[in-house]
Structures are given as structure tokens and as C-alpha cells.
Amino acid sequence: MSAVLDVRGVVKAFGDNVVLRGVDLSVDEHQVVALIGGSGSGKSTLLRCASLLETVDDGQVLLDGEDITDPRVDADAVRRRLGVVFQAYNLFPHLSVLDNVVLAPTRVHGRSRADARDEALTLLGRIGLADKAGEYPDRLSGGQQQRVAIVRALAVHPRVLLLDEITSALDPELVGEVLRVVREVAAQGMTIVMATHEMGFAKQVADTVCFLDAGVVLESGPPEQVLGDPVEPRTRQFLSRIIDAGRL
Amino acid sequence: MALRGRRRPGPELTASLTGGAPGLPAPSELELGRRAYRARRSRRSTGVALVSTLVFAVVAYLVVTRSPGWPRVQTTFFSLSVGRDAFPSILRGLWLNLQVLLIGGACVVVLGLGIAVLRTLRGPAFAPLRLLATGYVDLFRGMPLIITLYLVGFGLPALRLQGVPNSPFVLGTLAIVLTYSAYVAEVFRAGIESVHPSQRAAARSLGLTHRQTTRIVVLPQAVRNVTPALLNDFVALQKDVGLISVLGAVDAVRAAQIYVGQTFNFTPYVVAGLLFVLLAVPSARIADGVAARARRRQQSGSVL
């Protein structure tokens, strides 16, 4: 099976701060990959590079075999094939929930408004927010906003869904409702790469867990192995701190 | 953006703040005491404000009316009969000002927005456009409006180019639009920059182009953020349209001036001035209202 997303030796620096020092990562179709690691380990930067929100300083990112880091590639066309969900939801506050969701399908993918609207309402119904379609985002709780953001990303039928610490800004009681949606999306076969601090969730849902440290993938493998019996001392140290904090 | 997740106080909380909601337990002694204290304080400050305003008004009135030159000032500046005679022609002039205001205002919004968008373009390909827009803003924001008026109003027709109008109304409007667009462009630019980069990131990640992102996501939020500032500029524009009189357009100021020249009585200026104030008051109130609404939206629940 060929990889949907293939990251090869990606390097990214912000000034003197080298965040990614040659990251390799391969994600197959229907696979769920969890990126774990401390703050500043490069999880978010990796996702931003993969979604072309940052330009890589070296290496390649391949989407369905196409080198999307090639400057000759139409970046807008590439982003159309990706779905991104951010930590801070980033819903458009001046648009209603429904308009947030149908924006890309109608404006980018040229679908009719009625068609996009029908699908949006179906998707919103599936996450239990069909009755909020006419509301504006700031009338919604954080968990509701994040679920809408997931639906907004799904509405464009992305090849890969990139989730950037999507529960980090939420109250503990709202985390569950968001993760439930992700679990459902994963169960339907969506290819997902997610940066997360929710180790328990990574353990349940991910096929592969990658531990990033100082800008490289230090260790990766099935969740039972990386989270349960890590090889690298740095991974162990990181996980023991998480266990101390009661997060695993 | 991180704060977006915070929820608004629900109806229960709002009700408890305003008091007297059905189903709410009767307020305690402590709360009643606090309410009484706040009411006392509020009555006292209202009283102080009223008395001090009254005292100031009386003192100002006495000082002015008892001054040695008052009788003379009264007849030259506040003559009812002169004012009544001058009123119709001044009002006709004000209609011209109003036209300049409405046409000019619309042009300012369009031109200002265009320049602001040009200034926010990224990438070396747009460097000349960006530079041009920056130069424009520097030039017309620095140049006194009156000089722009002279240069445009007398300089342009002097070129004797085919098709250049020489009506002081058109040229005056043009000069005002040039100057105000520079200011308004900066207001719009501030608005565009006030939209968090994460909004742009979200839009681009959905596949929207730079242009679509600007038009559909950034500008609507930017305009909403700067509406109070824009209305303030509109109020300023309302009185600056009186400056087209220096080009000879018979607007309210010019009409008053003509009357003053005939009668050597300055009352027409006062009349014209008051008319401009009357014109400005509604938009000033609208500006206040919009600003207050924006403030409430940003800090609902805060007492400060």
C-alpha cells in the first residue's frame, strides 16, 4: 500500500530556532497516526508544514506520491485535498455555523449551495449540532466549536485530516465530546494525523504513535509498544512525567 | 482567539446580575445593603454632576454677558434678524456640502479600502504596488488639506487638459477624497491587521486563495473591528466639506461669507457653524452607539 502522506527528511527553522531536524513519517490510507512529544518538539510545525501553512527549509512532503513542497505546485490546489483542525478552533466568527461549513465546498470546490448545505446539515446532525446551524460560533461552547471545526474540515472530503492539538484549549469535560467525533471519523476510515497530549486517546485510536523530540521522530510504532514499553530513555522520561501528571 | 472558547454568561447568571428573576431566592440582607449603598452612591454622583454643571454654566454666562465688549459682540455675532435673513441661502449652501459629503464619503470608503488592501499584499511581485500605496498615504496624510485643495482646485484646471472639469464642486470633492482616503486607508489597514493570522491560516487550509481569504474572511471582520473609528472619520469629514468654499463653491460657509461681506455682521458664520454641528450630532451619536456595542461584545459581563 502506498503512503497517502509521506514526509521525508523535513527541516524547518524559525530564525536560529531549528524546530524540525529531518523528520520522516509515512501515513498509509485509513491509518491514524498520533504525534506525541513535549511542547516545542515540533508536532504542530510538522502539521503546518504538511498543510503548506509553512514552507519547509529542506526535505519533501508527498501527498499521494506528489511532491507538494515543490514551489511549482499550486499550493491552493494541494490544500483543497487536506483538512486541518486547529487548537483554537479558528471558526470564522462573522459567519454562521452552516456558512462556516459550506464556505469551502461552495467557494473552493464549486458545489451548489443547496447540495453543500444538505451535506453540511447531515454532518452537523451526526455530531448533534444540526440545531446550531444558524448560530454564530461565539454562542457555542468550546467543545461545540471544535466539533464544528472538524465538520468544516470534513466537508471538503480531504485525503488526510490533520488535527493540531484539538483538545488542548478545552475544559476536561468537553474533551470527551470532541474525541468521540474523532473516533467516529477514524472508524469510517479517514486517514488522520493528530498532534495530541491525550495519551489515553492515542492509545485507543491510533495505529501508530510517533514520539517527537528536539525536531526528530525519536521513536514510532504501535501504541502499546511506544506508550507501554518505550525503547528510548527520552520517551520513557516524557511518559513518566505524563503519568505523574495523571494524564495516562 | 484562545479566549473564544469562553462561554457567555447564561441567562441564569445575567438574571442574577440584574436581580428579580423568577425562581431566584430573595436577596439576603448583605445584598440589600450593597444595593442600597450603590443606589446612594449613584444618586450622590448624579447630584454632584448636576450642581457643578449648573454652577459652571452660570459663571460662564455671567462672565460673558458682563464683559465690556458683550453688547457689541451680541449685535455682530448673535443678531437674530441677520441670521434669519441669511438662513435660506446658507441652507441652500449646506445642501451642496451634503452632496460633497455623501459622494465623497462613498469614494473615500472605496479608495481607502483599495489602498489598504494594496498595502497588505505580501511578496516581492507586489512591491511596486505596495510602495505606491505607501507613498500615497505618506503624501496625502502629511499634506495639509487646505494645500491639497489649492493644488487640486487651481492647479488641475490650469493644466487646461481636455476633459478636466473646472467646477469647484468636483475639484473640491476630489481633493477631500484624496486626503481622507489616506486616513481611512490606515484605519482599514489597522483593521486588517487586527484580524488574527489564525483566521487566515484556517481559510487557506480550506483551500481558499489569498484573494478569497481576504474578501470572505479577513475584510468583513476587519471592517467590523474599525467601524467606530471609521464613523469618527466620517464626523470629521462632515465639517471638512466646508473647506471647498476656498475654491469658490457656494456652500454653506461661502454663502455665509457672502452675507458677512454685505452686512459686516458675523451672525451668518454662527448660523452656518450651528448647522454643521446639527449635521454632525446624529452621526456622532451613531458612532458612540456602534463603539459601545463593540465594547459590550468584547467584554460582556465585566463591570469595568
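The values are calculated or read from the model by the stated rules, or taken from the named source; none is laboratory data. Because the structure is a prediction, the values reported are computed rather than measured. In this analysis, Cβ positions are derived from the backbone assuming ideal geometry, glycine residues included, and neighbour counts consider all displayed protein chains.
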Leading residue by the ranking (nearest to the other protein chains (Cβ to nearest Cβ)) among those in the range B:211-223 that are without any contact (Cβ under 8 Å) to a residue 12 or more places away in the chain and not polar (S, T, N, Q): B:PRO220
Within the range B:187-245, tally of residues that are among the aliphatic types (A, V, I, L, M) and within 15 Å of A:LEU103 (Cβ to Cβ): 9
Given the conditions (1) under 30 Å from A:ASP74 (Cβ atoms); (2) more than 14 Å from chain A (Cβ to nearest Cβ), which single one is not true for B:GLN257? (1)
The range A:151-194: number of residues that are touching an Asp or Glu at 6+ places or on another chain (Cβ under 7 Å) and among the basic types (Lys, Arg): 1
Hey, can you tell me all the residues within the range A:111-121 that are part of a loop (DSSP other than H, G, I, E, B) and away from chain B (no Cβ under 14 Å)? A:SER112
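Take B:ASP138 and tell me if it is surrounded by 14 or more Cβ atoms within 10 Å (Cβ to Cβ), more than 20 Å from B:ARG211 (Cα to Cα) and among the charged types (D, E, K, R). Walk me through how you get there before you give the answer.
On the way: surrounded by 14 or more Cβ atoms within 10 Å (Cβ to Cβ): no; more than 20 Å from B:ARG211 (Cα to Cα): yes; among the charged types (D, E, K, R): yes.
For B:ASP138, the condition - surrounded by 14 or more Cβ atoms within 10 Å (Cβ to Cβ), more than 20 Å from B:ARG211 (Cα to Cα) and among the charged types (D, E, K, R) - is not met.
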Which of (1) more than 11 Å from chain B (Cβ to nearest Cβ); (2) within 30 Å of A:VAL175 (Cα to Cα) does A:GLY65 not meet, given it meets every other one? (2)
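Answer with yes or no whether A:VAL108 is touching a residue at least 40 places away in the same chain (Cβ under 8 Å), out of contact with any Pro (no Cβ under 9 Å at 6 or more places or on another chain) and facing chain B (nearest Cβ under 8 Å).
yes
Looking at the structure I just gave you, is B:ILE192 part of a helix (DSSP H, G or I) and surrounded by 18 or more Cβ atoms within 10 Å (Cβ to Cβ)? Walk me through it before giving the result.
On the way: part of a helix (DSSP H, G or I): yes; surrounded by 18 or more Cβ atoms within 10 Å (Cβ to Cβ): yes.
Yes.
Which residue out of B:LEU208, B:LEU219 is under 20 Å from A:TYR89 (Cα atoms) and either crowded, with 21+ Cβ neighbours inside 10 Å or not assigned by TED's automatic domain parsing to the domain that holds B:PRO144 (or both)?
Within the list B:LEU208, B:LEU219, the selection yields B:LEU208.
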Could you list, in sequence order, the residues of the range A:34-43 that are surrounded by fewer than 22 Cβ atoms within 10 Å (Cβ to Cβ) and under 26 Å from A:ASP76 (Cβ atoms)? none
Any residue in the range B:123-135 that is assigned by TED's automatic domain parsing to the domain that holds B:THR179 and assigned to a helix (DSSP H, G or I) sitting within a Cβ distance under 7 Å of a residue that is modelled with pLDDT of 95 or more and of a type outside the set (Gly, Ala, Ser)? List the pairs, counting only those 6 or more apart or interchain. B:ALA133/B:ILE115
Flagged pairs (Cβ under 6 angstrom, 6 or more apart or on separate chains; first in the range B:176-200, outside the structural domain of B:ASN225 (by TED's automatic domain parsing) and under 18 Å from B:ILE103 (Cβ atoms); second buried (at least 19 other Cβ atoms within 10 Å of the Cβ) and at pLDDT 95 or above) are none
Members of the range A:1-58 that are assigned to a helix (DSSP H, G or I) and among the aliphatic types (A, V, I, L, M): A:LEU46, A:LEU47, A:ALA50
Restricting the range A:76-104 to residues that are part of a helix (DSSP H, G or I) and more than 8 Å from chain B (Cβ to nearest Cβ), the residue that is nearest to A:LEU154 (Cα to Cα): A:VAL101
Take the residues of the range A:145-163 that are under 26 Å from A:GLY200 (Cα atoms), more than 10 Å from chain B (Cβ to nearest Cβ) and not β-branched (Val, Ile, Thr): which is surrounded by the fewest Cβ atoms within 10 Å (Cβ to Cβ)? A:ARG159
Within the bounds of the range A:207-224, is there any residue that is without any contact (Cβ under 8 Å) to a residue 60 or more places away in the chain and over 27 Å from A:LYS12 (Cα atoms)? yes
